[in-house]
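The values are calculated or read from the model by the stated rules, or taken from the named source; none is laboratory data. Remember, predicted model here, so these are calculated numbers, not experimental data. FYI the Cβ positions are ideal-geometry reconstructions off the backbone, even for glycines, and counts take in every protein chain you see. Heavy atoms of the whole protein, side chains included, go into the accessibility calculation; ligands, DNA and RNA do not. Shrake-Rupley method; radii C 1.70, N 1.55, O 1.52, S 1.80 Å.
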Amino acid sequence: MTAYQQFEAHIATLSDILNSISILKWDARTQMPPGGAQTRGYQLATLSRLANEHFAGDKTARILDAVEAEIANEDPDSYRVRAVRQTREYYEIVRRIPAELTAKKAALAPISEHVWSEARQNNDFASFAPYLQQMLDLAKEQAQAIGYSNHPFDALVFEYEPSATAASLRVLFDQLKAGLLPLLQRIVANDKPLEKDLWQHEYEQDKQKAFGLEIAQRFGYDLNRGRLDIAPHPFEISFTCNDVRITTRYHKNFLPMALFGTLHETGHALYEQGVDPSLTRTALTTDFLGQYPVGGTSYGAHESQSRLWENQIGRSRAFWNVHFDRLREYFPEQLADADADLFFRSVNRVRPSLIRVEADEVTYNLHIMLRVEIEMGLLDGSIQVQDLPEIWNAKMQEYLGITPPDDRRGVLQDVHWSGGGFGSFPGYTVGNVMSAQFLDAAHRDVSGLDDALARGDYASLLGWLQSNIYRHGRAYSATELLQRTSGSDLQVKPYLTYLENKFTEVYAL
Ligand code: ZN
């Protein structure tokens, strides 16, 4: 056996354990009866411990030493060398995090999440504050252990968005705000109610599901290697490119919830199903830190694909010009006196609102910036936990012009901080920005793409995304993917231009 074969076998075992953890998590969130929770917790803890022992142990160091010597003269750009280099990078990070810290965090997270969920229900921030403080202290410890040169946030955001830092995000946010805030003001000033409210009708759930799946398959989602289930907090999860599952949730009136939820998760799934099968069970599809969606290169890169298919395709006028009649075949009475134009405008309403997950394309990033700025402040000590509700509400007023009437719909709305997930929010906004750069690059490379999209033909777009992004798995960083396709780093201009053009049309600005 060569050293490289040994390395591959070692990582394949880790990949199998991590994918088994994912299957148990999928089951827990979609199928498991409530009584299974406690034993499922033991199963997950055992497998996580085995995965960590397997990867963080000295054996990995010996395997890496041997394989690094063996491939020393190979092309530094090859998949083989990239796989080894990435594994070394993550190994050194994992080794810096003390086992006691990981154990403390793992033990506290479920308790803290439970307290948060009760606190949210009771609108009682004070009861959650001490747990948030403990999770924050552990996050700070982890940042110290990993190390950083400028801001503790840099050490934590690396898990999710390796190309980002506190400093780069501040620049990105300032550029975005300069475009988004004036656009939002113009929209609010021009807002008037639509002729008809399409969401006062009831839409049968089985038909909602059938239409969503029909479109998902048209986009290219392969049900031989996928399935759609219901989950209260929708997600996509994959256990190699051969089994990529999505979930959504249904509202009997508000049709967009399940439909765009399905298309969003389909975008994630197309990424996973599009990874080159030769990368299955290798380092280039293995999630060393237990955080990323498995196949993709970063949260942002993954989110760029869910946003692209959900918003830039699924909420476009071209899309509804092609597909509205088909939707009306499913719901002839509900949509009897609607047309593609009204539907397009109905699914692109912009309104400053309290809840991030319900936000539209224009206001969504403002919700993210608020969270990231607060996280940075918590980590560097410029914001104290007990002041959070007040700071949250002040920022909501500043960015969105509204103040939450209670903490339930304010600082308590997201689960992320209760589980210690500091650093995960920027991926949403980075993904939005990336999605416009990728789509511009596809338009430049694929002739007749507009015509194909206007016909409801998504094969050429999917083909371009597969060969330029998906098939590489985690081989290239988000920045490398942007440079290889668009010729530049992360740029806000294409995204702001996209929003400006779209909402100028929607609101006749
Ligand atoms: Zn997503």
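A search for C-beta distances below 9 Å between a residue of the range 138-153 that is among the hydroxyl-bearing types (Ser, Thr, Tyr) and any residue that is part of a helix (DSSP H, G or I) and open to solvent by 20 Å² or more (accessible area, probe 1.4 Å), counting only pairs 6+ apart in sequence or on different chains, returns 148/154. Among the residues making up the range 215-263, those that are small (Gly, Ala, Ser) and either more than 16 Å from the ligand (Cβ to nearest atom) or more than 22 Å from residue 323 (Cα to Cα) (or both) are 220, 226, 231, 238. Being at pLDDT 95 or above and surrounded by 18 or more Cβ atoms within 10 Å (Cβ to Cβ) narrows it down to one residue among 60, 13; which is it? Of 60, 13, the one residue that is at pLDDT 95 or above and surrounded by 18 or more Cβ atoms within 10 Å (Cβ to Cβ) is 60. Checking 295, 314 one by one, the residue that is open to solvent by less than 20 Å² (accessible area, probe 1.4 Å), in contact (Cβ under 8 Å) with a residue 60 or more places away in the chain and within 20 Å of residue 10 (Cα to Cα) is 295 and no other. Only residues that are assigned to a helix (DSSP H, G or I) and out of contact with any helix residue (DSSP H, G or I) (no Cβ under 8 Å at 6 or more places or on another chain) were counted across the range 472-498, and they come to 4. Number of residues in the range 331-346 that are closer than 17 Å to residue 316 by Cβ, more than 29 Å from the chain's Cα centre (by Cα) and not hydrophobic (A, V, I, L, M, F, W, C) equals 2.
Just give me the residues in the range 105-161 being out of contact with any Pro (no Cβ under 9 Å at 6 or more places or on another chain), in a helix (DSSP H, G or I) and acidic (Asp, Glu), in sequence order. Scanning the range 105-161 gives 113, 118, 137, 154.
Which residues, taken from the range 419-435, are aromatic (Phe, Trp, Tyr) and either in contact with a His (Cβ under 6 Å, 6 or more places away or on another chain) or open to solvent by less than 10 Å² (accessible area, probe 1.4 Å) (or both)? Scanning the range 419-435 gives 422, 425.
Just one of the numbered conditions (1) of a type in the set (Ser, Thr, Tyr); (2) in contact (Cβ under 8 Å) with a residue 12 or more places away in the chain; (3) in a helix (DSSP H, G or I); (4) open to solvent by 40 Å² or more (accessible area, probe 1.4 Å) is not true of residue 250: (3). Exactly one residue out of 4, 42 is more than 26 Å from the chain's Cα centre (by Cα) and modelled with pLDDT of 95 or more: that is 4. Of everything listed in (1) touching a helix residue (DSSP H, G or I) at 6+ places or on another chain (Cβ under 7 Å); (2) under 18 Å from residue 313 (Cα atoms), the single unmet condition for residue 247 is (2).
Can you tell me how many residues in the range 264-307 are outside any loop (DSSP other than H, G, I, E, B) and within 11 Å of the ligand (Cβ to nearest atom)?
The number of residues fulfilling the criteria is 15.
Somewhere in the range 360-375, is a residue open to solvent by 10 Å² or more (accessible area, probe 1.4 Å), within 27 Å of residue 258 (Cα to Cα) and in a helix (DSSP H, G or I)?
Yes, the range 360-375 contains at least one residue that is open to solvent by 10 Å² or more (accessible area, probe 1.4 Å), within 27 Å of residue 258 (Cα to Cα) and in a helix (DSSP H, G or I).
Is it true that residue 101 is modelled with pLDDT of 95 or more and either of a type in the set (Lys, Arg) or open to solvent by less than 10 Å² (accessible area, probe 1.4 Å) (or both)? So residue 101 fails the test. Checked against the criterion of being among the aliphatic types (A, V, I, L, M), open to solvent by 10 Å² or more (accessible area, probe 1.4 Å), assigned by TED's automatic domain parsing to the domain that holds residue 315 and part of a strand (DSSP E or B), the candidates 228, 213 yield just one match: 228.
When residue 418 is tested against the conditions (1) within 27 Å of residue 345 (Cβ to Cβ); (2) modelled with pLDDT under 95; (3) touching an Asp or Glu at 6+ places or on another chain (Cβ under 7 Å); (4) not acidic (Asp, Glu), the lone failure is (1).
Each residue in the range 70-90 was checked for being more than 18 Å from residue 480 (Cα to Cα), within 32 Å of the chain's Cα centre (by Cα) and free of Cβ contacts under 8 Å to residues at least 12 places away in the same chain, and 0 of them qualify.
Within the range 382-403, the residues that satisfy the criterion of being assigned to a helix (DSSP H, G or I) and among the β-branched types (Val, Ile, Thr) are 385, 391. Looking at this structure, is residue 498 within 16 Å of the ligand (Cβ to nearest atom), closer than 24 Å to residue 364 by Cβ and open to solvent by 10 Å² or more (accessible area, probe 1.4 Å)? It is false that residue 498 is within 16 Å of the ligand (Cβ to nearest atom), closer than 24 Å to residue 364 by Cβ and open to solvent by 10 Å² or more (accessible area, probe 1.4 Å). Taking the range 309-351 as the range and being at pLDDT 95 or above and closer than 30 Å to residue 407 by Cα as the test, the residues that pass are 310, 311, 346, 347, 348, 349, 350. If I filter the range 436-455 for residues that are open to solvent by 20 Å² or more (accessible area, probe 1.4 Å), assigned to a loop (DSSP other than H, G, I, E, B), in contact (Cβ under 8 Å) with a residue 24 or more places away in the chain and more than 16 Å from the ligand (Cβ to nearest atom), do I get at least one hit? Looking for residues that are open to solvent by 20 Å² or more (accessible area, probe 1.4 Å), assigned to a loop (DSSP other than H, G, I, E, B), in contact (Cβ under 8 Å) with a residue 24 or more places away in the chain and more than 16 Å from the ligand (Cβ to nearest atom), one finds at least one in the range 436-455, hence yes.
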